[in-house]
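Asker: Got a structure for you, written out below as structure tokens; questions coming shortly.
The values are calculated or read from the model by the stated rules, or taken from the named source; none is laboratory data. These numbers come from a predicted model, not from an experiment. Reconstructed Cβ throughout: ideal geometry from the backbone, glycine too, with neighbour counts over all protein chains shown.
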Amino acid sequence: MLIDSHQHFWQLDLPFEFGWLHEPQHHSICRDYLPQHLLSHLQTTGVDRSVFVQTQHTVAENRWALGLAAQHPFIAGVVGWVDLAAEDVEDQLSEFLASPKFVGVRHITQGEPDENFIVRPDIVRGLKVLQKHGVPFDLLFYTQHLRHAATLAQMLPELPMVIDHLSKPQIREQKLDAWSADLQRAAQFPNIYCKLSGMVTEADWQHWKPADLKPYVETALEAFGPERCMFGSDWPVCELAASYEEVYGTLQELLASLSAGERSQIFGETAARFYALPEFTEATETGIEQGSGT
């Protein structure tokens, strides 16, 4: 089963702040993106399921996204948000754990003014609540935050964490050294995973080519192995630089030398296991063999 581990929806008339979409460079994606808009891309590529990932620091978005997931079976899971610094973070979390499709939490760490936000004691306390309940956490980092991944892994060895978008390396400038060292350090901890996603928007939007992404994919694969790497489209953000089909096809091209089993892990099995996606978990427990195709 092919799974896209990272996509978004948004609807501009909802009571959420989509301020970043109104910046001039994002004009082309400043419109509604809803399940019916994604479905045609999934059908074209043969991707079976997707995981919605939060864009807002509000639990209201969780409720909205879970409502969409209830209406559209291809949405296999929702990675939402809770206030990790709040005293009632466990109460917030318990509301959403009632839904089997609530599969993880993310905070937009890259947007925090404090570069050390994610290792603050109050935030780590909130992350320990996620660890207690076995709820995975998405690490949305820029390269300057990546050094914190190993620190978190040491403090929270039972918390599954995944680095979104390879921590946004400087692909346009073709810089690898410092990023590569921090990524490899993070990969030494078995509870840290990596999404092969978000690369085209870190490259030259107009002139990128698959070869530009190759060193970054190879570095991540060498560090984490296929069993801890997963495909993510980052749709519709990817449309700033490439179509869904181009993102999917490029990663398939870059991974063509891998075995069929290794590609199966990256394009579905890793995400299903990391997020304990209910459909995959139920099928595994009952011994049902899952086919591919939409």
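Asker: Any residue at all in the stretch 36-58 that's hydrophobic (A, V, I, L, M, F, W, C), surrounded by 16 or more Cβ atoms within 10 Å (Cβ to Cβ) and without any contact (Cβ under 8 Å) to a residue 40 or more places away in the chain?
Answerer: The initial filter retains those residues of the stretch 36-58 that are hydrophobic (A, V, I, L, M, F, W, C), namely 38-39, 42, 47, 51-53.
Filter once more, keeping what is surrounded by 16 or more Cβ atoms within 10 Å (Cβ to Cβ): 38, 42, 47, 51-53.
From the residues that got through so far, the ones that are without any contact (Cβ under 8 Å) to a residue 40 or more places away in the chain too are none.
Checking the stretch 36-58: not a single residue is hydrophobic (A, V, I, L, M, F, W, C), surrounded by 16 or more Cβ atoms within 10 Å (Cβ to Cβ) and without any contact (Cβ under 8 Å) to a residue 40 or more places away in the chain.
Asker: Show the residue pairs that are 6+ apart or on different chains and have beta-carbon atoms under 6 Å apart, the first residue being within the stretch 77-94 and within 20 Å of Q7 (Cβ to Cβ), the second being part of a helix (DSSP H, G or I) and among the aliphatic types (A, V, I, L, M).
Answerer: V78/A65; V78/L66; V78/A69
Asker: Quick check on my filter: what residues within the stretch 201-224 are surrounded by 22 or more Cβ atoms within 10 Å (Cβ to Cβ), in a helix (DSSP H, G or I) and touching a Phe, Trp or Tyr at 6+ places or on another chain (Cβ under 9 Å)?
Answerer: Result: Y216, F224.
Asker: Now, a different point. What's the number of the only condition in (1) closer than 21 Å to S50 by Cβ; (2) not in a helix (DSSP H, G or I) that C238 fails to meet?
Answerer: Result: C238 passes all but (2).
Asker: Give the number of residues within the stretch 27-64 that are of a type in the set (F, W, Y), more than 17 Å from the chain's Cα centre (by Cα) and within 18 Å of G232 (Cβ to Cβ). If you could, list the steps in order and put the result at the bottom.
Answerer: As a first pass, look at the stretch 27-64 and keep what is of a type in the set (F, W, Y): 33, 52, 64.
From the residues that got through so far, the ones that are more than 17 Å from the chain's Cα centre (by Cα) too are 33, 64.
Add one more test, that the residue is within 18 Å of G232 (Cβ to Cβ), and what stays is 33.
So the count comes out to 1.
Asker: Output the residue which, of all residues in the stretch 17-62 that are among the aromatic types (F, W, Y) and at pLDDT 95 or above, is farthest from A272 (Cα to Cα). If you could, list the steps in order and put the result at the bottom.
Answerer: Of the residues in the stretch 17-62, the ones among the aromatic types (F, W, Y) are 18, 20, 33, 52.
The next check asks that each one be at pLDDT 95 or above; those that pass are 33, 52.
Values: Y33: 24, F52: 13 Å.
Checking each candidate, the answer is Y33.
Asker: Return only the number of the condition from (1) closer than 27 Å to Q25 by Cβ; (2) free of Cβ contacts under 8 Å to residues at least 60 places away in the same chain that S233 does not satisfy.
Answerer: It is condition (2) that S233 fails.
Asker: Under the condition of being under 14 Å from I75 (Cβ atoms) and polar (S, T, N, Q), which residue from the stretch 2-22 is farthest from the chain's Cα centre (by Cα)?
Answerer: For the stretch 2-22, the residue satisfying everything is Q7.
Asker: State the number of residues belonging to the stretch 63-102 that are more than 18 Å from L277 (Cβ to Cβ) and either part of a loop (DSSP other than H, G, I, E, B) or at pLDDT below 95 (or both).
Answerer: Selection size over the stretch 63-102: 8.
Asker: Return a yes/no flag: does the stretch 103-122 have any residue that is surrounded by 17 or more Cβ atoms within 10 Å (Cβ to Cβ), farther than 18 Å from L152 by Cα and out of contact with any strand residue (DSSP E or B) (no Cβ under 9 Å at 6 or more places or on another chain).
Answerer: Checked against the condition, which is being surrounded by 17 or more Cβ atoms within 10 Å (Cβ to Cβ), farther than 18 Å from L152 by Cα and out of contact with any strand residue (DSSP E or B) (no Cβ under 9 Å at 6 or more places or on another chain), the stretch 103-122 yields no hits at all.
Asker: Confirm whether R147 is surrounded by fewer than 23 Cβ atoms within 10 Å (Cβ to Cβ) and either touching a Leu at 6+ places or on another chain (Cβ under 6 Å) or free of Cβ contacts under 8 Å to residues at least 24 places away in the same chain (or both). Lay out the reasoning, then the answer.
Answerer: Values: surrounded by fewer than 23 Cβ atoms within 10 Å (Cβ to Cβ): yes; either touching a Leu at 6+ places or on another chain (Cβ under 6 Å) or free of Cβ contacts under 8 Å to residues at least 24 places away in the same chain (or both): no.
It is false that R147 is surrounded by fewer than 23 Cβ atoms within 10 Å (Cβ to Cβ) and either touching a Leu at 6+ places or on another chain (Cβ under 6 Å) or free of Cβ contacts under 8 Å to residues at least 24 places away in the same chain (or both).
Asker: Give me the pairs: first residue in the stretch 151-177 and touching a residue at least 24 places away in the same chain (Cβ under 8 Å), second residue among the small types (G, A, S) and not in a helix (DSSP H, G or I), beta-carbon distance under 6 Å, and six or more apart or on different chains, which are they?
Answerer: H165/S197; H165/G198; I171/A203; R172/A203
Asker: Are there helices (runs of 4 or more DSSP H) fully within the stretch 120-200 with at least 1 residues that are under 27 Å from A242 (Cβ atoms)? List them.
Answerer: Details: elements: 121-133, 147-155, 177-187.
Ranges flagged: 147-155, 177-187.
Asker: Give the residue, chosen from G232, G225, G261, that is at pLDDT 95 or above, touching a Ser or Thr at 6+ places or on another chain (Cβ under 8 Å) and not β-branched (V, I, T).
Answerer: Of G232, G225, G261, the one residue that is at pLDDT 95 or above, touching a Ser or Thr at 6+ places or on another chain (Cβ under 8 Å) and not β-branched (V, I, T) is G232.
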